[in-house]
Structure formats: C-alpha cells, structure tokens
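*Asks:* Got a structure for you, questions after.
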Amino acid sequence: VQLQASGGGLVHPGGSLRLSCAASGSVFSFNVMGWYRQAPGKPRELVAVITSREGTNYADSVKGRFTISRDNAKSAVYLQMNNLKPEDTAVYHCNYQLVSGLSYWGQGTQVTVSS
C-alpha cells in the first residue's frame, strides 16, 4: 500500500487547511485511516482516525476544530483543519491500518501556523 498526502502549507493563526491522502495498491475494504503529527522534539501523536464504517476518534486538542472524513470509493482520507493554532505546527502523516494491525505511513506534509 502506498499513501500520497498533500495539502500542507503555511497559514496564519485562525486560518484553515485541508489535508488529503490517497491510498493505492492492495487496499482492503476494512481498515482504519487517519492522521498523526509530529512536532520538532516531540513524539508522534494521534490527530484523528476514521474507520471504514466512518467511526471517528479525535485528539482532545483538535476536537471542535478538525474534521476527518473519507471517500471509500477513492480510498482517500481528508482532514479539514479550522481555527488553526501555532501549536498545530507539525509534520502531518497519513496512516492506513488493517484489522490485522499491519500499518502503512505516508511521507508526511508540513503544516506551519504562524503570523
């Protein structure tokens, strides 16, 4: 499975960005897709995940500001990020995980929130 992420960039505090990630290759119907982020000097942390049946889970720090969604026909996952804060600055990584636990990672896309 290959993951291609896009949509990062530089935005002012309070601004919005939308991340996209498309999976290709041997994609199975039952999976969990999501976004994790890693800021400099910090461990990678969960941002949001969504199951193939569209159950979601969010980090407390992004609840009410970020929305995860997916398009199963395109094997794609999206992250709409609103009201961005400087502490959201990080490299955002797309993840695809099977029921078996096998996990794949995208290359990461930089999100920088700065005035």
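The values are calculated or read from the model by the stated rules, or taken from the named source; none is laboratory data. Here the structure is a predicted model, which means the values were calculated and not measured. So basically every Cβ, Gly included, is an ideal-geometry build from the backbone, and we count neighbours across all protein chains shown. All accessible areas refer to the heavy atoms of the entire protein, side chains included, with ligands and DNA or RNA removed. Shrake-Rupley method; radii C 1.70, N 1.55, O 1.52, S 1.80 Å.
*Asks:* When ligands, DNA and RNA are left out and all protein chains stay put, how many square angstrom of accessible area per residue does region 19-115 have with a 1.4 Å probe?
*Replies:* For region 19-115, the per-residue accessible area is 51 Å².
*Asks:* Also: Full extension from residue 28 to residue 87: what is 0.36 nm times the residue separation minus their Cα-Cα distance, to one decimal in nm?
*Replies:* Extra length from residue 28 to residue 87 when fully extended: 17.8 nm.
*Asks:* Who wins for biggest fluctuation among 32, 49, 77 in a Gaussian network model of the chain, springs between alpha carbons below 10 Å?
*Replies:* Residue with maximal mean-square fluctuation among 32, 49, 77: 32.
*Asks:* So what's the net charge close to residue 111: Lys and Arg +1, Asp and Glu -1, counting the other residues with Cβ under 15 Å from its Cβ?
*Replies:* +3
*Asks:* Right, another one. What FRET efficiency comes out for residue 10 versus residue 57 if R0 is 41 angstrom and r is the Cβ-Cβ distance? Round to the nearest 0.05.
*Replies:* 0.90
*Asks:* Now, a different point. Students often get this wrong: which residues of region 17-54 have the backbone nitrogen under 11 Å from the point 7 angstrom along Cα-to-C-beta of residue 74?
*Replies:* 20-23, by backbone N distance to the label point.
*Asks:* Given 4 °C and 1.567 mPa s, how large is the Stokes-Einstein diffusion coefficient of the chain in µm²/s, with Rh as the Kirkwood radius over Cα pairs?
*Replies:* 92 µm²/s
*Asks:* If you keep only loop residues by DSSP, which chymotrypsin sites (Phe, Trp or Tyr not before Pro) in region 23-106 have at most 12 other Cβ atoms within 10 Å of their Cβ?
*Replies:* Within region 23-106, the qualifying chymotrypsin sites (Phe, Trp or Tyr not before Pro) (loop, at most 12 other Cβ atoms within 10 Å) are 30.
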